Amino acid sequence: MSHVQLLEPLGLETLAIRSGQHRSAEGEHNDPIFTTSSFVFKNAAQAAERFTTSNDGNVYSRFTNPTVQTFEERLATLEGARYGIASASGMCAILSLCLGVLKSGDHVVASDNLFGSSISLFTNILSRFGIETDFVSTTNVENWRDAIRDETRLLFAESPTNPLAEITDIRALSALAESAGALLVVDNCLCTPVLQQPLALGAHAVVHSATKYLDGQGRCVGGAVVTNSQEIHDAVFAVLRTGGTCMSPFNAWVFLKGLETLSLRMRGHCESALTLASWLESQEGVGRVYYPGLDSHPQHQLAASQQTGFGGIVTFDLSEPSREKAFAFIDGCQWLSITGNFGDVKSTITHPATTTHGRLTQAQRDQAGIGEGLIRVSAGLENVQDIQAELQCGLAAARAA
Ligand SMILES: *Cc1c(COP(=O)(O)O)cnc(C)c1O
């Protein structure tokens with residue numbers, strides 16, 4: 001829970017390093033980690049005041065920890081938001097947001113290509129509490145409009161989606177949400193505020209998995225909700241305070257270090273991903289390449305109108321779309337990390353059909369466009385020629401298989 005001290009008109013790179021720090025009397029240069037569960041009061045009256053009013057002041061690290069607050073303020077500042085609330089994970093951010101703004105009887109419209117656990121959250125968990133969700137095409141605004149009913153309280157989108165890089169028209173969904181009296185929430189995990197600021201495009205709140213690019217070095221799990229709405233903030237903060245969905249101070253400190261280099265890293269990820277995507281498009285053995293920065297991407301213009309870069313994830317189909325070929329490609333690489341994670345300085349390679357989307361039914365995978373020959377690469381910050389050589393090895397192995 002942090003009310004941001006705005007440092008505009010400083011640039012994003014400066015804010016990523018300087019915002020949110022409240023130096024203690026020790027005069028520390030770096031952000032300290034406050035590893036304390038509770039805080040002491042000057043006297044009984046102050047204790048009583050801190051517990052009974054919402055005045056500033058630390059009480060207990062479930063809801064007031066200075067290191068966590070610095071992270072909240074810094075991320076909120078980068079997103080152009082007044083409020084930030086950190087949480088234990090990205091999924092915890094989405095859960096806290098939903099618990100905060102939804103109630104039994106409410107209806108949600110969400111994109112059908114959301115992160116897998118987000119789909120499970122809406123389908124398997126929130127449904128048990130009387131919250132119904134309809135999933136619609138990420139890209140087709142008419143489908144969103146048609147799905148809205150009187151009870152619709154939340155539109156939930158992710159753009160670009162992972163792994164197929166579908167783009168949602170955030171401005172159009174914002175207008176839909178406004179006219180329906182609903183909230184638009186965007187999962188900005190793939191872009192980070194460096195590449196896209198959904199609040200400026202009309203979203204009411206943004207959720208993050210800090211586990212991905214915000215950390216960027218594969219160290220901690222965490223998440224956040226940011227918003228300009230005091231109403232949304234207060235509702236989500238109440239969940240945090242009572243439900244205990246909080247981030248640990250150590251993780252917050254790691255994410256602070258991540259934010260300091262976020263801008264530089266995102267530029268590096270984007271540059272390498274574009275190089276790899278363009279190269280892959282010209283390779284024999286590669287079918288369609290899914291990367292919003294390519295002219296061939298059906299929503300390249302829309303992506304360019306709402307993002308300042310196209311991200312670090314490149315996904316492609318092998319022209320012979322079999323599991324055997326895809327596994328041969330992945331195993332043919334020498335040092336790319338085979339893992340489900342992405343957004344790391346280390347490049348990663350994934351076969352979505354058998355990992356991130358392995359628990360879906362065949363029909364669900366077909367509908368989502370996740371074929372057996374689909375491969376996702378998260379472009380890291382190694383030398384891009386070396387990453388390309390890895391993919392070359394993969395292609396050779398797939399051809400031989
Ligand atoms: C990873 C991810 C999440 C969930 O974040 P966790 O930190 O793993 O809980 C949510 N949304 C997107 C787009 C993600 O990639």
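The values are calculated or read from the model by the stated rules, or taken from the named source; none is laboratory data. Given the structure is predicted, the values throughout are model-derived calculations rather than measurements. All Cβ positions, even for glycine, are placed from backbone atoms using ideal geometry, and neighbour counts span all protein chains on display. What goes into the accessible areas is simple: the full protein's heavy atoms, side chains included, and nothing from ligands, DNA or RNA. Shrake-Rupley method; radii C 1.70, N 1.55, O 1.52, S 1.80 Å.
A few notes on this one:
- Distance from the alpha carbon centroid of region 90-108 to that of region 379-401 works out to 41 angstrom.
- Eligible lysines near Lys346 by straight Cα distance, threshold 19 Å, same-chain separation 8 or greater: Lys212, Lys257
- Residue-normalised accessible area of region 8-69, given per residue in Å² at a 1.4 Å probe: 66 Å²
- Solvent-accessible area of region 314-390 (1.4 angstrom probe, protein heavy atoms only): carbon and sulfur portion equals 50 percent.
- Look at the dipole of the chain built from charges on Cβ: of Phe41, Ala398, Leu114, the Cα furthest out on the positive end belongs to Phe41.
- Surrounding net charge for Asp106, when Lys and Arg each add one and Asp and Glu each subtract one, Cβ distance under 9 Å: 0
- Using θ = phi - 60° in the Karplus curve 6.51 cos²θ - 1.76 cosθ + 1.60, the 3J(HN,Hα) couplings for region 190-196 round to 6, 8, 6, x, 5, 9, 7 Hz; x is entered for Gly and Pro.
- Sparse packing (at most 14 other Cβ atoms within 10 Å of the Cβ) combined with a DSSP loop state is found for the following trypsin sites (Lys or Arg not before Pro) in region 125-185: Arg149.
- Helical contribution to [θ] at 222 nm, DSSP H n ≥ 4, -39,500 (n - 2.57), averaged over the chain, rounded to 500: -11500 deg cm²/dmol
- Equivalent ellipsoid semi-axes, region 290-352, via Cα gyration tensor eigenvalues times 5, rooted, Å: 26, 16, 8
- Global form of region 102-156, assessed from the alpha-carbon gyration tensor, a/c cut-off 1.5: oblate
- The long axis of helix 249-260 is offset from the longest Cα principal axis of the chain by roughly 60 degrees.
- Distance (nanometres) between label positions extended 7 Å along Cα→Cβ at Asn383 and His29: 3.2 nm
- Estimated distance in nm for a label pair at Ala48 and Asp331, the labels positioned 7 Å out from Cα along Cα-to-Cβ: 7.2 nm
- Taking the C-alpha atoms only, the angle from helix 384-400 to the longest principal axis of the chain is near 50 degrees.
- Estimated distance in nm for a label pair at Asp366 and Thr354, the labels positioned 7 Å out from Cα along Cα-to-Cβ: 2.1 nm
- At 1.567 mPa s and 4 °C, Stokes diffusion of region 61-202 via Kirkwood alpha-carbon radius, µm² per second: 83 µm²/s
- Average accessible area per residue (Å²) across region 144-240 - probe 1.4 Å, nucleic acids and ligands excluded: 29 Å²
- Taken over the C-alpha atoms, the chain has Rg and Dmax values of 21.6, 76 angstrom.
- Heavy-atom accessible area ranking, 1.4 Å probe, most first, across Met91, Met266: Met91, Met266
- Accessible surface calculations at 1.4 Å, restricted to protein heavy atoms, place region 345-401 at 44 Å² per residue.
- Note on region 221-368: Kirkwood radius taken over Cα pairs, Stokes-Einstein applied at 25 °C and 0.890 mPa s, translational D equal to 132 µm² s⁻¹.
- Student exercise, the chain dipole from Lys, Arg, Asp, Glu Cβ charges, in Debye to nearest 20: 860 debye
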